[in-house]
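Notes follow once the structure below has been shown.
The values are calculated or read from the model by the stated rules, or taken from the named source; none is laboratory data. Source: prediction; values computed, not measured. Cβ coordinates were reconstructed from backbone atoms using ideal geometry, including for glycine residues, and neighbour counts include every protein chain displayed. Accessible surface areas use protein heavy atoms only, side chains included; no ligands, DNA or RNA. Shrake-Rupley method; radii C 1.70, N 1.55, O 1.52, S 1.80 Å.
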Amino acid sequence: MAFSQRTNWNTGESALAEAHRLRVEAGLPIADLTASNPTRCGFDYPSNLLKALTDARGLDYDPQPRGLLRAREAVCGYYAGHGIAVASEQVVLTTSTSEAYSYLFRLLCDPGDEIVVPQPGYPLFDFLAGLDDVRLKFAPFVYDHGWQIDPEGFRRAITAATRAIVLVHPNNPTGHFTKAWEAKELARLCREFNLSLIVDEVFLDYPLADTERALSFAVGLEGVSVYVVSGLSKIAGLPQMKAAWIVAAGPETGAAMDRLEVIADTFLSMNAPVQWAMPRWLEEREVIQRQIRERVSANLAELDRQLERQETVQRLKVEGGWYAVLRIAALRPDEFTVRKLLDRGVWVHPGHFFGMPESGWLVLSLLGGEAEFAQGVAEILECLRSSAQVTVQESS
């Protein structure tokens, strides 16, 4: 049987994944510093949260391609909380931000067209682009007392086949919030090359305490077609409910929404009970958001406390989200370091998972339990200290 080239992936288990699986199956302890699922991180959800799914109106099949009006109005209410007026006519509901990206790639691109994506960034785009016959071009984030875009790097990535720029605001995993000057530079590029801007804002509600709350791109940019994607996975800590959306702003929004409606009508993937529950879940989002922000702040403070005792590992500046990036000595490939840490009972991401170089970077989630996180960080620093001593001895 012949399969599509777009699904020609290496589906074999990596050596690192196998080592993790075997340790789990053996019942050995693991401090999981990759945790990203809030439903498994010990947060207290309202006891009656699932009651919202019992609305009798969910028994009626009323296929509305853009989503039920009541649910879309709840999304508008969410943006009103950010001081932005969004009309329900600008909103299309989807089951996930992944589906939202797929809709937008189909809306904006023909097979072989290109999307510019900054790196470091979440690796999901590789799969989504391949499934929709779109090619990715990468533009750099640079680090200089904080992360920032490189406008000329974006310009060099743009070709005649480019149709859009994708931006994650704040970025995953760097936690970089797009600044006003960066938005102006991106808008200038979009106008110059007739590009759209796709902005993922799933972490928008999680700025750190000393970070000024950033404005949503749903406010729009002058002369630029902007498509904001977000959803309940992060906003309400409910990844299992599969509820997300697209907000369109800027020129030709009406024409774009007409086309998105046809795309959505083709799939009709949103289910009624979740749509009827969305208003309540969005109204109650602060219950879980407050807990997540407190956890992330506490774990970041603990990380910094332990880092103060040594000089070889640097924590890069983070402004939002729930990840931290560590700069470590590039003595060996990060895969080797991560495997060594796993043998000590700590599970972390190698930086290259997010498009960083092969050596010198670790990515930690700040979402897990505080005791587990503190233990994991202590093991990381001890492991790296021991490795540095061995390297010095071997070279002397």
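Rounded to the nearest 5, what % of the DSSP beta bridges within the chain are antiparallel ones?
Working: 24 of 44 bridges.
Among the beta bridges of the chain, antiparallel pairing accounts for roughly 55 percent.
Given the rule -39500 (n - 2.57) for each run of at least 4 DSSP H residues, summed and divided by the residues of the chain, what is its mean residue ellipticity at 222 nm, to the nearest 500 deg cm²/dmol? Before the final figure, lay out each step's value.
Values: 12 runs with 154 residues, N = 396.
Roughly -12500 deg cm²/dmol at 222 nm, from the helical runs in the chain.
Considering only C-alpha atoms, what is the centroid distance from region 44-65 to region 299-372, in Å?
39
Quick one: net charge around Ala26, please, counting Lys, Arg +1 and Asp, Glu -1 for every other residue with C-beta under 14 Å from its C-beta.
Around Ala26, the surrounding residues sum to -1.
Express the accessible area of region 289-396 per residue in Å², computed with a 1.4 Å probe while the remaining protein chains stay in the model.
Values: 4900 Å² over 108 residues.
Per-residue accessible area for region 289-396 comes out at 45 Å².
Could you give me the ³J(HN,Hα) list for region 142-151, computed from phi with Karplus coefficients 6.51, -1.76, 1.60 and θ = phi - 60°, whole Hz, x at Gly and Pro?
Listing the rounded values in order: 10, 10, 8, 6, x, 6, 7, 6, 10, x Hz.
Compute the long axis of helix 285-307 from its Cα atoms, compare it with the longest principal axis of the Cα atoms of the chain, and write down the angle in degrees, 0 to 90, nearest 10.
So the inclination is approximately 20 degrees.
Given 0.36 nm per residue, what is the gain on full extension from Leu215 to Arg156 after removing their alpha carbon distance, in nm? Present the calculation step by step, with values, prior to reporting the outcome.
Details: separation 59, 0.36 × 59 = 21.24 nm, distance 2.74 nm.
Here the segment from Leu215 to Arg156 would lengthen by 18.5 nm.
Heavy-atom accessible area of Asp200 with all protein chains present, probe 1.4 Å, nearest 10 Å²?
Surface open to solvent at Asp200 totals about 10 Å².
Within the chain, how many Lys pairs sit with Cα atoms under 26 Å apart, leaving out pairs fewer than 8 places apart on the same chain?
11
Output the peptides 63-75, 12-24, 218-230, 136-148 sorted from most to least packed, where packing is the average of other Cβ atoms within 10 Å over each peptide's residues. All intermediate terms of the calculation are to be shown ahead of the outcome.
Details: 63-75: 19.0, 12-24: 12.4, 218-230: 21.5, 136-148: 15.2.
Sorting 63-75, 12-24, 218-230, 136-148 by mean packing, highest first, produces 218-230, 63-75, 136-148, 12-24.
Over the chain, what relative contact order in percent results from Cα pairs under 8 Å that are six or more residues apart? Provide the component values of the computation, followed by the final result.
Values: 712 pairs, mean separation 92.4, N = 396.
Worked out over the chain, it gives 23 percent.
As a test, work out the antiparallel percent of DSSP beta bridges whose residues both lie in region 84-180, rounded to the nearest 5.
Numbers: 3 of 12 bridges.
Of those bridges, close to 25 percent are antiparallel.
Starting from the exponent 0.38 and prefactor 2.2 Å, build the expected Rg for the chain from its residue count and divide its actual Cα Rg by it.
Details: Rg = 21.8 Å, N = 396, 2.2 N^0.38 = 21.4 Å.
In units of the 2.2 N^0.38 Å rule of thumb, it is 1.02.
Once you have a ≥ b ≥ c as the square roots of the Cα gyration tensor eigenvalues for region 31-121, tell me rounded if a/c is under 1.5, and otherwise prolate or oblate according to whether a/b is larger than b/c. Write down the numbers at each step before the final one.
On the way: a/c = 1.77, a/b = 1.12, b/c = 1.58.
Oblate, because a/c is 1.5 or more while a/b does not exceed b/c.
Place +1 on the Cβ of every Lys and Arg and -1 on the Cβ of every Asp and Glu in the chain, take the dipole about the Cα centre, and give the residue among Tyr103, Gly231, Gly42 whose Cα lies farthest towards its positive end.
Looking along the dipole axis, the top candidate is Gly42.
Using only Cα atoms, find the angle between the long axis of helix 180-193 and the longest principal axis of the chain, and express it within 0 to 90 degrees, rounded to the nearest 10.
For helix 180-193, the angle is close to 60 degrees.
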